[in-house]
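The values are calculated or read from the model by the stated rules, or taken from the named source; none is laboratory data. Only a predicted model underlies this, so the values are computations on that prediction, with no experimental measurement involved. Using ideal geometry, Cβ is built from the backbone for each residue, glycine included, and neighbour counts are taken over all protein chains shown.
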Amino acid sequence: MADGRMAGKVAIVTGAASGIGRATALLLASEGARVVCVDLERGPADDVVDAIAAAGGTAIAVAADVTVEADMERMAQAALDAYGQIDVLHANAGIPGVGQAHEETPAGWARLIDVNLTGVWLSSRAVLPAMLARGQGALVLTASVGGIKGVRALAGYSAAKAGVLGLMRSMAVDYAAQGIRVNAICPGTAWTPLVEATYELGGGTGVGPDGAKVSMEEARERSTARYPIGRLGTVEEIAQAVLHLAGDGSSWTTGTALVVDGGFSL
């Protein structure tokens, strides 16, 4: 691991306890990064740290809420206290949401924006001073194909993810001259706890022409059929995209939304 692609770097991953975040934390650690695994609860974050340690990597866990400014400041300070620097932030924490615009409630809408957009801003805001002080860093934000094209019954979620892309582009311009790159990934469907929760919220994301909900199994089959590559993605494949944008192999890439969706958005 000492000579991996992320050797010598310190990476923070929010939403690290499951799904894309867990896969990314494991991958970055396997490539030599020291990883700060952030999630709402300490126990699940500790589980990821244990998995990293068992594979020979280095990591710590931090329990924090991305919607709370003080938590994000504490997260950044924990990374600095443990490792002395912050090189990478994968701002990945998010929650699902299902509903057309007329079905969304103000409280549900606010929660989607708070976690999926404001949380990305607060986590980025917390790490930027350390990156600016060193004149280098990479932010990789988790957006979605829902942020770049219309997806049925994801009004609030898609609005938040489109906001992430706007934030990414603005920060990319603001910080490029200071050596900080800001990019985003736009994943399609990989079977993660968040995706499963989305299916459950909607009674299945596959909705017929009459608007009827369908079973979880049928919803998954319908979703798969929409991917030209012929299958859903895996969290490991999406983590590879994060690794690329976080590492030196993308040193001349900033302001990019990397679509990782098996051709869905085509």
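Please enumerate the residues belonging to segment 15-53 that are in contact with a helix residue (DSSP H, G or I) (Cβ under 6 Å, 6 or more places away or on another chain) and small (Gly, Ala, Ser). If the condition is that a residue be in contact with a helix residue (DSSP H, G or I) (Cβ under 6 Å, 6 or more places away or on another chain) and small (Gly, Ala, Ser), then Gly15, Ala16, Ala17, Ser18, Gly19, Ala23, Ala25, Ala29 are the ones that fit. Of the residues examined, Pro209 is not one that is over 30 Å from Lys9 (Cβ atoms) and modelled with pLDDT of 70 or more.
Can you tell me which residue is modelled with the highest pLDDT among those in segment 189-205 that are farther than 24 Å from Trp121 by Cβ and in a loop (DSSP other than H, G, I, E, B)? Even if it seems obvious, please write down each step before you answer.
Of the residues in segment 189-205, the ones farther than 24 Å from Trp121 by Cβ are 189-191, 196, 199-205.
Restricting the remaining residues to those that are in a loop (DSSP other than H, G, I, E, B) gives 189, 191, 202-205.
Values: Thr189: 89, Trp191: 76, Gly202: 59, Gly203: 56, Gly204: 51, Thr205: 46.
The qualifying residue modelled with the highest pLDDT is Thr189.
Which ones in segment 108-150 are closer than 14 Å to Val38 by Cβ and either without any contact (Cβ under 8 Å) to a residue 12 or more places away in the chain or part of a helix (DSSP H, G or I) (or both)? Hits for segment 108-150 are Val115, Gly119, Val120, Leu122, Ser123, Ser124, Ala126, Val127. Selection over segment 144-184 of residues that are farther than 21 Å from Gly94 by Cα, among the charged types (D, E, K, R) and either buried (at least 17 other Cβ atoms within 10 Å of the Cβ) or at pLDDT below 95 (or both) gives a count of 1. Set side by side, the residues Leu112, Leu26, Leu89 differ, and just one is more than 24 Å from Leu167 (Cβ to Cβ), buried (at least 19 other Cβ atoms within 10 Å of the Cβ) and under 15 Å from the mean Cα position of the chain (by Cα), which is Leu26.
Summed over segment 54-91, the residues that are in contact with a helix residue (DSSP H, G or I) (Cβ under 7 Å, 6 or more places away or on another chain), in contact (Cβ under 8 Å) with a residue 60 or more places away in the chain and either within 21 Å of Glu31 (Cβ to Cβ) or part of a strand (DSSP E or B) (or both) give a count of 6. Among the residues of segment 136-143, are any in contact with a Cys (Cβ under 6 Å, 6 or more places away or on another chain), modelled with pLDDT of 95 or more and not hydroxyl-bearing (Ser, Thr, Tyr)? Yes, that holds for at least one residue.
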